[in-house]
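Please read the structure below before turning to the comments.
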Amino acid sequence: MASARVASVALRGVAACVPRTVARTADYAGLSLDERLKFAKTTGIEERRCSLPGQCASDYCEAAAKRLIAELGWNKADIRLLVCVTQSPDYPVPATAVLLQQRIGLGTHCAAFDIGMGCSGYVYGLLVASSLLGVMGGGKALLVVGDTSTRSANQRDRTTAPLFGDAGTATALEFNPSAPEMVFDLNSDGRGWEAIVMRHGGFREPLTADSLVDREVAPGAWRAPRDLELNGIEVFNFGLREAPRTVEALLTAVPGVGDLPDFFFFHQANMLMNEMIRKKLKIPAEKCPYSLRSFGNTSCASIPMTMVTASAEALRAGPRSLVLCGFGVGLSWASSYVRTEGLVCPELVEL
């Protein structure tokens, strides 16, 4: 466990953007009708949003960031930091954050860099951005988080394709000496790196002609070496084991937490896993919102996506205490305790 605390930084707003294209579980040809019904019931996923060719995670992050800046009435000259969390970069080089700095219209004084993380990436990114803004001693920051996982999964792979949706989000942070402290609990275990992996396409295993050849890896499931590979049982057991632990450790580290926080925003893995985690932690259902039904597993974007699409009205209304918890690829898991006051949450943007 690696714990951390950040003072003097306030979370001011969250926005999200998705593609307009809808993919319905009921229409997925890789599963029989009975299997589709069972899949939707077990995972909670009825619809997902899928990017079109040429659309990238950065496009959704850009649209979300521009909407959030406008809603906040921020002067872009005050934004000193842009952190981008994604495993779907526009290019291997340069960093997507630098491209977004220019596209959003931020000044050259703005530091911009990427963090290559998935399911736990929002919490990791929140710690990095808020702590760096804190030592800067003033100004504002944007944390943009998103993935196009539907383009990483082989659409003929019934073990991955129906799970994932695409999205991009933006989170606004502002230096404020009176802001309540944020508390974090961070963890990782590289022994589980093969549980969620794309084997070809990096420098360890560069792309070759063979990287694009589909093979039947299980009955009815086809995948090429460059496609996303998911060991569902291993990830399921990992999530049930580690997500409750990190939340318990986090709440132990928060002085005077008293009653349960107002909301618990978990990474949207699948309904069965998440509900088992919720019940293990004895969290009332009304404190644990979901975005799975309409958007699926949106990777690193799933926590802010859920905030915007499931709880925006409550977050706008006044002071709220939140637990944010991400877990998955890496293996990596993290949680954070954050207090907000009248969070700015624009309506979902469709691109």
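(1) touching a helix residue (DSSP H, G or I) at 6+ places or on another chain (Cβ under 9 Å); (2) farther than 26 Å from G146 by Cβ: which one isn't true of D210, the others all being true?
(1)
Here is a check on your reading of the model: is Q55 under 22 Å from the mean Cα position of the chain (by Cα), in contact (Cβ under 8 Å) with a residue 12 or more places away in the chain, surrounded by 20 or more Cβ atoms within 10 Å (Cβ to Cβ) and not in a helix (DSSP H, G or I)?
Judged against the criteria, Q55 is not a match.
With respect to E242, is the statement that it is in contact (Cβ under 8 Å) with a residue 12 or more places away in the chain, closer than 17 Å to L186 by Cα, of a type in the set (D, E, K, R) and surrounded by fewer than 17 Cβ atoms within 10 Å (Cβ to Cβ) true?
no
Going by what's in this entry, would T309 be described as surrounded by fewer than 24 Cβ atoms within 10 Å (Cβ to Cβ), at pLDDT below 95 and either touching a helix residue (DSSP H, G or I) at 6+ places or on another chain (Cβ under 6 Å) or not in a loop (DSSP other than H, G, I, E, B) (or both)?
The answer is no for T309.
Going through the stretch 204-221 one residue at a time, which ones are hydrophobic (A, V, I, L, M, F, W, C), surrounded by 11 or more Cβ atoms within 10 Å (Cβ to Cβ) and farther than 15 Å from N154 by Cα?
Selection gives L207 alone.
Does the stretch 234-249 hold any residues that are of a type in the set (A, V, I, L, M, F, W, C) and more than 20 Å from the chain's Cα centre (by Cα), and which are they?
Of all residues in the stretch 234-249, those of a type in the set (A, V, I, L, M, F, W, C) come to 235-236, 238, 240, 243, 247, 249.
If the condition is that a residue be of a type in the set (A, V, I, L, M, F, W, C) and more than 20 Å from the chain's Cα centre (by Cα), then A249 is the only one that fits.
Polar (S, T, N, Q), surrounded by fewer than 24 Cβ atoms within 10 Å (Cβ to Cβ), in contact (Cβ under 8 Å) with a residue 12 or more places away in the chain and assigned to a strand (DSSP E or B) - does that describe any residue in the stretch 184-194?
yes
Please specify each residue of the stretch 293-317 satisfying the condition of being of a type in the set (S, T, N, Q) and at positive phi. Lay out the reasoning, then the answer.
Pass one, the stretch 293-317, residues of a type in the set (S, T, N, Q): 294, 297-299, 302, 306, 309, 311.
Selection gives S299 alone.
Out of the residues in the stretch 249-297 that are hydrophobic (A, V, I, L, M, F, W, C), at pLDDT 95 or above and not in a helix (DSSP H, G or I), which is nearest to L163 (Cα to Cα)?
A269
Considering only residues that are outside any strand (DSSP E or B) and either within 15 Å of the chain's Cα centre (by Cα) or of a type in the set (V, I, T) (or both), look in the stretch 66-91 and name the one that is surrounded by the most Cβ atoms within 10 Å (Cβ to Cβ).
For the stretch 66-91, the residue satisfying everything is T86.
Filter the stretch 331-344 down to residues that are surrounded by fewer than 23 Cβ atoms within 10 Å (Cβ to Cβ), over 23 Å from I283 (Cα atoms) and either touching a residue at least 40 places away in the same chain (Cβ under 8 Å) or in contact with an Asp or Glu (Cβ under 9 Å, 6 or more places away or on another chain) (or both), then give me how many there are.
Matching residues across the stretch 331-344 total 1.
The values are calculated or read from the model by the stated rules, or taken from the named source; none is laboratory data. Worth saying up front: this structure is predicted, and the values here are computed from it rather than measured. Methodologically, a virtual Cβ is constructed for each residue, glycine included, from the backbone with ideal geometry; neighbour enumeration extends over all protein chains shown.
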